[in-house]
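Only one structure is covered here, and it is reproduced in the block below.
The values are calculated or read from the model by the stated rules, or taken from the named source; none is laboratory data. As the structure is a prediction and not an experimental result, all values here were calculated from the model. Surface accessibility is based on the protein's heavy atoms, side chains included, excluding ligands, DNA and RNA. Shrake-Rupley method; radii C 1.70, N 1.55, O 1.52, S 1.80 Å.
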Amino acid sequence: MSAFSSAQTVLVTVLFILTGAGLVALFILIVLHDRIKRRYQKDASTLASIYESIPDLLFCIDTDNRYTSCNRSFLEAVGRTEAEVIGKTPFDIHKDREVASDFVESDNQAMRENRLTTHIGWLTYPDGSVKLLETIKNPIVQDGVVTGLLGISRDITLHRQVEDAARASSDFKSLFLAHMSHEIRTPINVVMGMTELVMRRKIPPELYESMLEIKNASENLFQIINDVLDFSKIEAGKLEIVVNEYSFSSFIHDIVTICRVKIAEKTLFFLVNADSAIPERLIGDDVRLKQIVLNILYNAIKYTQDGYVSLAVSCELENNTANLVFEVSDSGIGIKEDELNTIFNDFVRVDHLKNKSIGGTGLGLSISKNLCQLMGGDISVDSKYGVGSRFVVKVPQIFTDYAPYTRVEDAQDKSILVYEQRLMYADSIMRSIENLGTRATLVKTQKQFFRELELQNYKYLFVASFLYENVKDNLDKIPPDARVVLLSETGDHTVELGVARMDMPVYALPIANILNHVESAFGRADQRYAAFTAPQARVLLVDDASTNLKVAEGLMQPYYMQIDACKSGFDALTLVQQNRYDIIFMDHMMPEMDGIETTAKIRAFDNEYCANVPIIALTANAVVGMREMFLSNGMDDLLTKPIEVPKLNAVLEKWIPREKRMRFITNDKSARSVSLSIDGVDVKAGISMTGGSIENYLDTLSIFKKDMLEKMPAIRQCTLRGDWKLYGTYIHAVRGVTAIIGARAMSEKAREL
């Protein structure tokens, strides 16, 4: 109900009288007006009481910055009476002219722009205390014109102190994590590095199994540390997405290679299908994306005892965005329906009591979810308990070129016969071949295989390695240009002269390489070995711990580089002045003079060599911001401990001069044969034939020599006696072993004999 004005009341009264309504109507109107007036006065009194009792500072000013009203809290804050404030400006009230100037400038901005603004500033109270006030200022508008301003100031000192304390706590936690990262990673680096070196030697099988257990346990611990560090970064809001251009073919190869080795410990089918139309050059954080996909795959492998784990990668192209979809499915234990909504929470592990023997922090999926969302994507899951699970990762990446990561030249002219009895593998291989636009026929029995060979001249024969022995003697009649390709499991060392290999799982990339007669640029599945050699390159290792130096030297030995090592920054300065190094690995935390100080002194030497020599930070400190810190202090790159061979490969390939690197076109695990040359012998082929390790090859040569020294007298006796049947047996053996060691000319002579 609204109040009437006095004029309205008089007018209505006159009208009532004139219309003959009488005194009763007039009395009712007077009573009603009186009640409305009292109610209005009561409401105004209530509002005034609230205005005065609010602890926040309330005030109004006009366009000349003069106060027109204020509440009791405002007067107490400035130590003035109402008479000393009303009609005055901030310059008349505040002793500190800088404070007054800030207030006036903020007031004028709010009125000038006619919008709500916020001002934060310090105010000294009459008792000497200093408080931080947040003032919200809202213009007063009448008939479209700003006539003043209403302000409310709130004391946020305690809130800011809490924020500062939280920030300090976060910084302390980050500092603590940095030190703990270094302290924990350093011993793990020793454990993992020494285990790696022992496993490279020729050791008894039972010792190898023990070392493998140590290696797996240390890798699990390493992963736990990384999870905790990543979780802490996410919690502190400091986890960064680093965008760069990367190769999708390298990305998918790394994923498959790492999981291939991991899944080899179980009797599982590992299936991979990656759409060949995915662009080769993508822009995004491939390191974090790889972490997400590997995390999902690791979980699938960990919780699947029988059956399969599969990875399918597809892509939707939209403008300049490639929406990647990674689908990971398994036949594992599955997830209970009531746990599906919590599996992405922190520290959650599915069916914990049943799976308590399976290690993990319960952070992996939470971290992956956060990373996905930081990159503009997401993860979803559906699962049936006891049957299996399916995780779908969707992440957008930028692309500028439509060129696919793999394709087959003259695809329609390539005909393939696939002989594979394992239905899951057979179906996966056929889907990949079809995706490449190539023709293929699948057979599952030996009879079908031979019949197809009679009916059609296939260019390629893809044969499961375990089936090859039963059919190889009947392949003499295939066309000379036909190529036989073995489909091999990890650890299968079946070798045959002139026969190519593809390690399972077979997917679009290796198939296209085979069909295009392009040797893979990535090498074999075992990534524990160097990717190239550089016998002319010179390297300096700087670390105050002898064990770390030994581990680093051991891991770099396969590259056949010239390595110098020292234990202090002072020794490093001396060596740098005496020698010219292609790369320097510099430990960070060293006594007396740390790695950053040493780097600064090297850069300060007045010569071009010291100004440009690549210096790589070698550190166990892997928290966020460390790379930027090292780069801003004169270093060129970062390699974290424990040293992982793929990352070491990447650093060396990036910084060792191209003319000093020697790479082989071979599936050579160690690629260390550059320093080994034997007349009449293809050393690279020999290493490949004997399992990919130079140690295995040298052992094979030693056995070959001993065996031939024993057989030569017997062969001579056969020729003297005319025992040509036994002679043929001996020569057949010579043909085989000389082919294995790469002595092809000798093998061909033996074949003729």
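Phi-derived couplings, Karplus 6.51 cos²θ - 1.76 cosθ + 1.60 at θ = phi - 60°, listed residue by residue for the range 99-110: 5, 4, 4, 4, 5, 5, 4, 5, 4, 4, 4, 4 Hz, with x used for Gly and Pro.
Distant-in-sequence amide contacts of Asn71, defined by a placed amide H-H separation under 5 Å and a gap of 5 or more residues or a different chain, comprise Leu58. Here is the size of the range 411-491 from its Cα atoms: Rg then Dmax, 12.0, 34 Å. Couplings for the range 401-418, taken from phi via the Karplus curve 6.51 cos²θ - 1.76 cosθ + 1.60 with θ = phi - 60°, read 9, 7, 4, x, 6, 7, 7, 10, 6, 6, 4, 5, 8, 9, 10, 10, 10, 9 Hz in order; Gly and Pro are left as x.
Averaged per residue, the range 47-165 has 58 square angstrom of accessible surface, using a 1.4 angstrom probe with ligands and nucleic acids left out. Note that the range 610-619 has calculated 3J(HN,Hα) couplings of 5, 6, 10, 4, x, 10, 10, 5, 10, 9 Hz, one per residue in order, obtained from phi through the Karplus relation 6.51 cos²θ - 1.76 cosθ + 1.60 (θ = phi - 60°); glycine and proline are x.
The amide H of Thr441, built 1.01 Å from its N in the peptide plane, has Ile416, Leu417, Val418 as neighbours under 5 Å, considering only residues 5 or more places off or on other chains. Stokes-Einstein diffusion of the range 379-458 at 25 °C, 0.890 mPa s viscosity, Kirkwood radius from Cα pairs, rounded to a whole number: 152 µm²/s. Applying a threshold of 24 Å to the alpha-carbon distances of Lys477/Lys749; Lys262/Lys414; Lys414/Lys477 flags Lys262/Lys414 as lying beyond it.
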